[in-house]
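Attaching a single structure in structure tokens format; questions to follow.
We did not get these values from a lab; they are worked out from the coordinates using the rules stated. As the structure is a computational prediction, the values presented were derived from the model and not from experiment. So basically every Cβ, Gly included, is an ideal-geometry build from the backbone, and we count neighbours across all protein chains shown.
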Amino acid sequence: MSVATHKHAQKVLPPGWRWVRLGDFMPRKSGTVNPATCPSETFTLFSIPSFDRGTPETVLGKSIGSSKQLVQPGDVLLSKIVPHIKRTWVVENLYGARLIASTEWIIFRTEKAVPDYLKYALLDEDFHKSFMDTTSGVGGSLTRARPSLVAKLEIPLPPLPEQQRIAAILKEQMAAVDKARAAAEARLEAVKALPAAFRNQIFPRPDQKLAVDWKRKALGAVLEITSGQVDPKDARYKDLPHVNGENIESGTGRLLNVRSAAEDNMTSGKYLFESGVVLYSKLRPYLMKVSVAHFRGLCSADMYPLTPHLHEMTLEFLQQLLLSEAFTNYAVAESQRARMPKLNRDQLMAYSAPVPPLADQRRLAARLREQMDAAEKARAAAEAELDAINALPAALLRRAFNGGL
């Protein structure tokens, strides 16, 4: 039984397969056109933005500002910009117009490869690693693959009937993956909506009538804001935990990657807070960054360290109140008066908060804590499911190009 071995990848190919250079599939002249010279003609444009949107654009020539490559049905396009993002496209004539592509695509055109097979081969992780070695540039959108080096890369190529069989199987499998991904993403979004739904069951809207024993009180009547800054370089404070907005997870209040003021290289004044405060990020309040700190530490000047009057409001109830949809809508509306969305002290303290008796606050906060824990577990499960689904294409392609289908 004969086998072929790729000298670079050291991969043994199935019988009848061979390694081919991509340069063999690159047309020497694809032709170009300046659509502006045909201002009233409608073109079908294959661009990078249209790929990201999922469909080519239908554009009048007068709206296209530079020359484009002429392409034809069955061509396979490989993006040479931002190459770490895998972008391959099989050209189809969907609208009957002349087909053009931006110069950011490398064109492959051949009768020796089934277009869908070639597309999947260019998406394979082994190929992509080699593809990344052809790049140059300083990074980001300035990084580009060099076609002259891409032409030297090789892909495994079986006989045409086998290509057609593999492409058909992969197309069916990828469609199933896309369907599963869409369902998993919908489940994840539904799970992410649970915390807001749970809070809405507890915190009434401003126009809703309160329960008999609830009262509306200005936040200024039930809490205080820590004032006065300290030098984070001072030996008394430099080793204390330092919290800024980036350390608080949106919507949950979870603290992330908190380090000391010294580790964060803090030099400007910071607020010193004692254990038992609620930290509220006043910048861009739509981000909903609110956390309870059960430790002594420092926080940035973009945060309010809030100490509730414990005979009026508990810590946990205050945190959930500030995370509620009703308060967030208020904060967003008030903060839009400034150039940078920011809730000032007067606006915060003026908020008319729904305040139940302390016993109800403790009971409701405990219920929310239990619900939030369940929602977090559900979110973790949904994210794990989505991660597993997103790993499937690479596994399917690896199997296909190792002759495993």
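Where does region 142-281 land on Rg/Rh, using Cα atoms and the Kirkwood Rh?
Reported Rg/Rh (Cα atoms, Kirkwood Rh): 1.24.
How would you rank 322-328, 179-185, highest first, on the average number of other Cβ atoms within 10 Å across their residues?
Result, highest mean first: 322-328, 179-185.
Could you work out, for region 343-405, what percent of all Cα-Cα pairs fall into each 5 Å distance bin, beginning at 0 Å and stopping at the bin that holds the largest distance?
Histogram of Cα-Cα distances, whole percents per bin: 4, 13, 9, 9, 10, 11, 9, 8, 7, 5, 5, 4, 4, 2.
Of all beta bridges DSSP finds with both residues in the chain, what is the antiparallel percent, to the nearest 5?
90 percent
Take 38, 299 and order them by how many other Cβ atoms sit within 10 Å, fewest up front.
Listed from fewest to most nearby Cβ atoms, that is 38, 299.
Next up: Can you give the FRET efficiency to the nearest 0.05 for residue 164 and residue 200, using r as the Cβ-Cβ distance and R₀ = 51 Å?
0.40
Would you order 25, 108 from fewest to most other beta-carbon atoms within 10 Å of each residue's own beta-carbon?
By the 10 Å Cβ count, ascending: 25, 108.
Run through all the Cα pairs of region 215-355 and give the fraction in each 10 Å bin from 0, expressed as whole percent.
Reading the bins upward from 0: 12, 44, 34, 9, 0.
Quick check on region 1-124: of the DSSP beta bridges with both residues there, what percent are antiparallel, nearest 5%?
For region 1-124, the DSSP antiparallel bridge percentage is about 80.
When only Cα pairs under 8 Å and 6 or more residues apart are kept, what is the percent relative contact order across the chain?
It rounds to 15 percent for the chain.
Over what distance in Å are the Cα centres of region 339-372 and region 120-199 separated?
44 Å
Using the count of nearby Cβ atoms within 10 Å as a rough guide to exposure, how do 318, 153, 45 rank from fewest to most?
Taking fewest neighbouring Cβ atoms as first place, the list is 153, 45, 318.
Let me ask another. List the residues, sorted by chain then number, that are 5 or more residues from residue 217 or on another chain and whose placed amide H is less than 5 Å from its amide H.
353, 355
Please compute the modelled spin-label separation between residue 144 and residue 405, points set 7 Å along Cα→Cβ, answer in nm with one decimal.
Between residue 405 and residue 144, the simple spin-label model gives 3.3 nm.
Moving on to the next point. Computed over the Cα atoms of the chain, what is the ratio Rg over Rh, Rh following Kirkwood?
Result for the chain is an Rg/Rh of 1.12.
Let me ask another. Between residue 336 and residue 233, what length comes free when the chain is fully extended (0.36 nm per residue of separation minus the Cα-Cα distance, one decimal in nm)?
Stretched out fully, the residue 336 to residue 233 stretch lengthens by 33.6 nm.
Pull out the extension gain between residue 112 and residue 395, defined as 0.36 nm times the separation in residues minus the alpha carbon to alpha carbon distance; nm, one decimal.
99.3 nm
Further, regarding this structure: Once you place label points 7 Å from the Cα toward the Cβ at residue 329 and residue 311, how far apart are they in nm?
With each label point 7 Å from Cα toward Cβ, the separation is 3.4 nm.
Then there is this: Which value at 222 nm does the chain reach when only helices count, each DSSP H run of 4 or more adding -39,500 (n - 2.57), with the total divided by all residues and rounded to the nearest 500 deg cm²/dmol?
Computed mean residue ellipticity for the chain: -11000 deg cm²/dmol.
A follow-up question, please. Could you tell me the calculated FRET efficiency between residue 381 and residue 221, based on Cβ-Cβ distance and R0 = 35 angstrom, to the nearest 0.05?
0.25
Taking the square root of 5 times each eigenvalue of the Cα gyration tensor, what semi-axes in Å does the equivalent ellipsoid of region 4-158 have, largest first?
30, 17, 12
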